[in-house]
Structures are given as C-alpha cells and as structure tokens.
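What follows is a single structure, written as structure tokens, with notes after it.
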Ligand code: B12
C-alpha cells in the first residue's frame, strides 16, 4: 500500500494543484503539505477522517504521530472529490458505489444540504451539460438521474418529518414541468428546519391541490420550474390560486433554474418568496421568522 504522503501527492496532482494551491484550499501552508507528502507530519481528528476518506485510505493506515492545526476549506475538497467519484460511478453504471459515496459523505459531514447541493445537484448539472453536447445518451442520463433520486431519498432518512411541526408545506412542480429533483431537495431542506413538508412531484391536478391546501391548512406552497418556457404557466397557476379566498394566508415560494439568469423575473410571477437554492431559502425563512417574532 502507498504511504499517506504518496497518496496525498497523487491525489493533489490528479486535481492539478500545486502544493501551495492545495494548501490554500484546505487552509494549510505549502510547507505543511510538503511535510505531509514527505511523511514528516500527519493530520489528526476530523481532518484525519476527511483526508482518509478523500484518499480512499483507512484511518488505521493514517493513524500515526504529530500535530496539525485545524483546517478550513477541507470540506470543499471533500465534496469536490466525492462529486468526481460519484459521477464516475454513475457513468460506470455502478449504483452501489455511487450510493456508498453518499453514505460515507453523510458520516463525514454535519450538514446534509451540502451533499445535495455540491454533489448531487452538481452531478446532475454536469450530466445535463454532457447530454446537451451529445456526449451522453438519453439512457445514460435517465439511469444517472434515477440513481441521483435514490441518493436524495437515501439521505432523507436522517431528516425526520416532525409530526408536531407547526408550519407545513407542499412541494411540487407546475405543469408541464417535469424536472422535479430540485424541489425534492428543497422539500428535504424544509424538513431539516422542522417544517412539515410534503413532496408531491409533478402533474398535480389543480382542483385536488386546492382541496388539499385548504383541508390541511398548508402554510407554504413551494413551486419549481426549470425551463423558461414554463414561466407563463407558473404565472397563470399563481394567478388562479390567488383568486381562491380560502387561500388568503397561503404563502407561495418559487424557485428553479428558469430564473437563474434573471431573478427579477421571479418577482413578477406573483409569488411571495423567491430563492435560488436551499441555503438561500433557509436563510430567507429564518430572516422572516426573526422579523415576525
Ligand atoms: C434529469 C433531467 C431530466 C429528467 C427529469 C427527471 C426528474 N424527475 O426531474 C427528464 C428526462 C424527465 C428530463 C426531461 C426533459 N428535459 Co431535462 N434535464 C435533466 C437534467 C440533466 C437534470 C435536472 C436536475 O435534476 N437538476 C438538479 C436539480 C437539483 O437542480 P435544479 O432543478 O436546478 O434545482 C436546484 C435549484 O434550481 C433550486 N430550485 C429548484 N426548484 C426550486 C424551487 C424553490 C421553491 C426553490 C427555493 C429553489 C428551487 O434548488 C435546487 C437545489 O439546489 C437537466 C440539466 C440541468 N442543468 O439541470 C436537464 C435539462 C433541465 N433538461 C432539458 C430539456 C431540454 C429537457 C426536455 C425538453 C428534453 C426532451 N426533449 O424531452 C424534457 C422536458 C420535460 C419537461 N416537460 O419538463 C434542458 C432544459 C433547457 C431549457 N430550455 O431550459 C436541460 C438544462 C438540459 C440541457 N443542458 O439542455 N430532463
């Protein structure tokens, strides 16, 4: 087996980074990286765990002597490396390894939203890019997408739907939008802050939705669209809901890739809140909570 130093060097070179650049990204000096690579110093604590995972080595193999200051930015490298491994597993039709990577990450990170945003979402965007360049078949794209969906679901067990949550939400896409993984992630993000959030996917009949919103006294309707072509449908949809007097207190939250290039457009659709991703949404909701309490 290669030594820790050799593995670290191999990994750094694979990323195309100098010792200085690699060190900067994990909050360490170039000399420290040089010392690691020469097996003069060794990491410990959380950093040891993360580096072990990053380098595909067991902690036992790394558990040796010497001190290391705490690092910043190491998570970034961890996500980047995991995302590369994850997407490779998807391209290799290796669902087992892909899901293992997610499980390992879950053990090594405190905030699951990073896994959604930096690994799963990033992989889906890369897949879309390759597909649009004709470098990925539709079959490959569909397979990779369903594994990503499993990965999202796999993580959701850790976020328990709190039965006593005072606030509730229904999360879905607006017809004819079929891209629904983004709003599934948003649903999980809401559950992580104890909002009772229900994901109902796509192609939802409007009258049944209105019934459910009223019957279950839902506080937030969370809508997503990915394609700009669907913005008019979203606006019409919101207009219809706004005419329902029984839904006067319903807050409508929107988001999705359709607004990436023009977030101003989102505000003209008639929604109460627009957010660009799960972090942005949680931040806005927390500001809102603070301002109303
Ligand atoms: C997987 C996929 C599909 C799957 C969807 C499966 C599913 N269950 O979702 C299928 C095969 C069904 C599909 C179909 C189509 N697709 Co498609 N698809 C994708 C792909 C590869 C990934 C989408 C995805 O899951 N992204 C990952 C999620 C997590 O990201 P996200 O949706 O952006 O969500 C994040 C944020 O935007 C935000 N967010 C999202 N919603 C909300 C909501 C709220 C309230 C908030 C606060 C935030 C928020 O937070 C999320 C988490 O970070 C994209 C590539 C891409 N770049 O996205 C193409 C892509 C979106 N598809 C595209 C196209 C063209 C199509 C089709 C027209 C193809 C066809 N000819 O049939 C159809 C259209 C179907 C339809 N009517 O909607 C184009 C869209 C181009 C455009 N016009 O905008 C893309 C960009 C591919 C490309 N590069 O050209 N697709």
Original post:
Does region 147-169 contain at least one residue that is under 24 Å from residue 289 (Cα atoms), within 11 Å of the ligand (Cβ to nearest atom) and at pLDDT 95 or above?
Top reply: yes
Subject >> Extreme residue, nearest to the ligand (Cβ to nearest atom), among residues of region 244-260 that are under 12 Å from residue 275 (Cα atoms) and touching a strand residue (DSSP E or B) at 6+ places or on another chain (Cβ under 8 Å) >> reply: 255
**OP:** Looking at (1) assigned to a helix (DSSP H, G or I); (2) touching a helix residue (DSSP H, G or I) at 6+ places or on another chain (Cβ under 8 Å); (3) free of Cβ contacts under 8 Å to residues at least 60 places away in the same chain, find the lone condition where residue 117 falls short.
**Re:** (3)
**OP:** Please state which one of 110, 137 is away from the ligand (no atom under 14 Å from the Cβ) and more than 17 Å from residue 255 (Cβ to Cβ).
**Re:** 110
**OP:** Report whether or not residue 189 is outside any loop (DSSP other than H, G, I, E, B), modelled with pLDDT under 95 and crowded, with 19+ Cβ neighbours inside 10 Å.
**Re:** yes
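Residue-by-condition table, conditions (1) without any contact (Cβ under 8 Å) to a residue 60 or more places away in the chain; (2) under 23 Å from residue 181 (Cβ atoms); (3) within 11 Å of the ligand (Cβ to nearest atom):
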position	(1), (2), (3)
209	yes, yes, no
236	yes, no, no
277	no, yes, yes
280	yes, yes, yes
287	yes, no, no
Subject >> Complete set of residues in region 138-159 that are surrounded by fewer than 19 Cβ atoms within 10 Å (Cβ to Cβ), more than 16 Å from residue 105 (Cα to Cα) and in contact with a helix residue (DSSP H, G or I) (Cβ under 8 Å, 6 or more places away or on another chain) >> reply: 138, 140, 141, 143, 145, 149
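The values are calculated or read from the model by the stated rules, or taken from the named source; none is laboratory data. As the structure is a prediction and not an experimental result, all values here were calculated from the model. FYI the Cβ positions are ideal-geometry reconstructions off the backbone, even for glycines, and counts take in every protein chain you see.
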